[in-house]
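K.L.:
For reference, the structure I am asking about is given below.
The values are calculated or read from the model by the stated rules, or taken from the named source; none is laboratory data. The model shown is predicted, which means the values in this text are computed figures rather than measured ones. Note that we place each Cβ from the backbone using ideal geometry, even for glycine, and neighbour counts take in every protein chain shown. SASA here: full protein model, heavy atoms, side chains in, ligands and nucleic acids out. Shrake-Rupley method; radii C 1.70, N 1.55, O 1.52, S 1.80 Å.
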Amino acid sequence: MQEPPRRVIPGRPVIVFDTETTGCTREDRVVSLGAVRLDAGLEPEATLHLVFAPGMRCHFGAYRVHGLSDAYLARQASFAAHAEEVAAFFGGAVGCAHNLAFDRRMLGGEFDRLEMARPWSGEFCTMLAWRRHRPGERSGLAHASAACGLSRETALHGALEDAWLAANLLRALHGMAPAPMRLHGFTNDRTGEMAA
């Protein structure tokens with residue numbers, strides 16, 4: 001690996017987040033959010049893992065990625081019911097994601113619909129940083145993570161697991177060892193069961 005950058009986010013807490021959605025258009029909605037709060041030294045402090053009723057059906061391609069069925073999602077609370085909790089968790093920290101343009105648009109869209117300010121200040125994209133650091137290499141989360149010796153523990157994409165992978169990729173870009181991933185289910189699941 002090339003020499004890592006000295007500090008891409010100097011002295012600021014970071015929320016590394018990932019969304020799973022009903023699809024990829026501007027009209028699509030967030031169905032789950034995973035987030036890892038890192039302190040200013042990029043050490044993990046807390047996690048957030050929520051599931052939401054999107055009020056619309058998932059595109060089949062999105063369902064194949066995250067495995068959250070329409071029936072399961074329909075039994076959950078809406079994003080609006082948890083917007084304040086999400087905003088408090090972000091708390092104005094730097095927002096960071098792998099392919100930030102997508103996750104910013106999707107999560108930001110949920111706040112826009114509620115006429116709430118987006119709860120992060122400053123942004124960082126690990127995918128763009130990886131491309132600058134390793135030009136010519138594949139920059140998807142799975143490939144970048146594999147280059148750092150990291151991989152998913154589950155077959156489907158889960159928002160919290162992908163947020164942890166991006167957080168560890170951010171640490172790798174700073175020459176830091178990966179932090180142990182602390183995975184857990186949705187803390188707001190109304191059904192007591194995972195997707196069927």
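K.L.:
Give segment 161-182 a look and list any residue that's open to solvent by less than 70 Å² (accessible area, probe 1.4 Å) and over 18 Å from PHE124 (Cα atoms), or say none.
P.N.:
GLU161, ALA177, ALA179, MET181
K.L.:
Is it the case, given these coordinates, that ALA155 is assigned to a loop (DSSP other than H, G, I, E, B), of a type outside the set (Ser, Thr, Tyr), at pLDDT 95 or above and surrounded by fewer than 22 Cβ atoms within 10 Å (Cβ to Cβ)?
P.N.:
Working: assigned to a loop (DSSP other than H, G, I, E, B): yes; of a type outside the set (Ser, Thr, Tyr): yes; at pLDDT 95 or above: no; surrounded by fewer than 22 Cβ atoms within 10 Å (Cβ to Cβ): yes.
When the stated conditions are applied, ALA155 does not pass them.
K.L.:
Same structure, new question: Would you please list the contacts, defined by Cβ atoms under 6 Å and residues six or more apart or on different chains, that run from a residue in segment 90-114 that is at pLDDT 95 or above to a residue that is surrounded by 19 or more Cβ atoms within 10 Å (Cβ to Cβ) and among the hydroxyl-bearing types (Ser, Thr, Tyr)?
P.N.:
If the second residue must be surrounded by 19 or more Cβ atoms within 10 Å (Cβ to Cβ) and among the hydroxyl-bearing types (Ser, Thr, Tyr), the pairs left are HIS98/THR126; ASP103/THR19; MET106/THR19; MET106/THR21; LEU107/THR19.
K.L.:
Mind counting the residues in segment 38-51 that are surrounded by 15 or more Cβ atoms within 10 Å (Cβ to Cβ) and not in a strand (DSSP E or B)?
P.N.:
Looking only at that region, the number is 1.
K.L.:
Also, quick follow-up: Given the conditions (1) more than 18 Å from LEU160 (Cβ to Cβ); (2) modelled with pLDDT of 95 or more, and given that HIS82 satisfies all but one, which numbered condition is not satisfied?
P.N.:
Of the numbered conditions (1) more than 18 Å from LEU160 (Cβ to Cβ); (2) modelled with pLDDT of 95 or more, the odd one out for HIS82 is (1).
K.L.:
What is the one condition in (1) assigned to a loop (DSSP other than H, G, I, E, B); (2) in contact with a strand residue (DSSP E or B) (Cβ under 9 Å, 6 or more places away or on another chain) that ARG57 does not satisfy?
P.N.:
Among (1) assigned to a loop (DSSP other than H, G, I, E, B); (2) in contact with a strand residue (DSSP E or B) (Cβ under 9 Å, 6 or more places away or on another chain), the lone unmet condition for ARG57 is (2).
K.L.:
When you go through (1) closer than 15 Å to ASP103 by Cα; (2) open to solvent by 70 Å² or more (accessible area, probe 1.4 Å); (3) in contact with a strand residue (DSSP E or B) (Cβ under 7 Å, 6 or more places away or on another chain) one by one for LEU128, which number turns out not to apply?
P.N.:
(3)
K.L.:
Tell me, which residue of segment 52-65 that is in contact with a helix residue (DSSP H, G or I) (Cβ under 9 Å, 6 or more places away or on another chain) and within 30 Å of ARG138 (Cα to Cα) is surrounded by the most Cβ atoms within 10 Å (Cβ to Cβ)?
P.N.:
Per the criteria, the residue is CYS58.
K.L.:
What tally of residues in segment 93-115 results from selecting those that are part of a loop (DSSP other than H, G, I, E, B) and either among the aromatic types (Phe, Trp, Tyr) or surrounded by fewer than 15 Cβ atoms within 10 Å (Cβ to Cβ) (or both)?
P.N.:
Result for segment 93-115: 2.
K.L.:
Shifting gears a bit: Has segment 66-89 got any residue that is within 20 Å of ASN168 (Cα to Cα), crowded, with 17+ Cβ neighbours inside 10 Å and touching a residue at least 24 places away in the same chain (Cβ under 8 Å)?
P.N.:
yes
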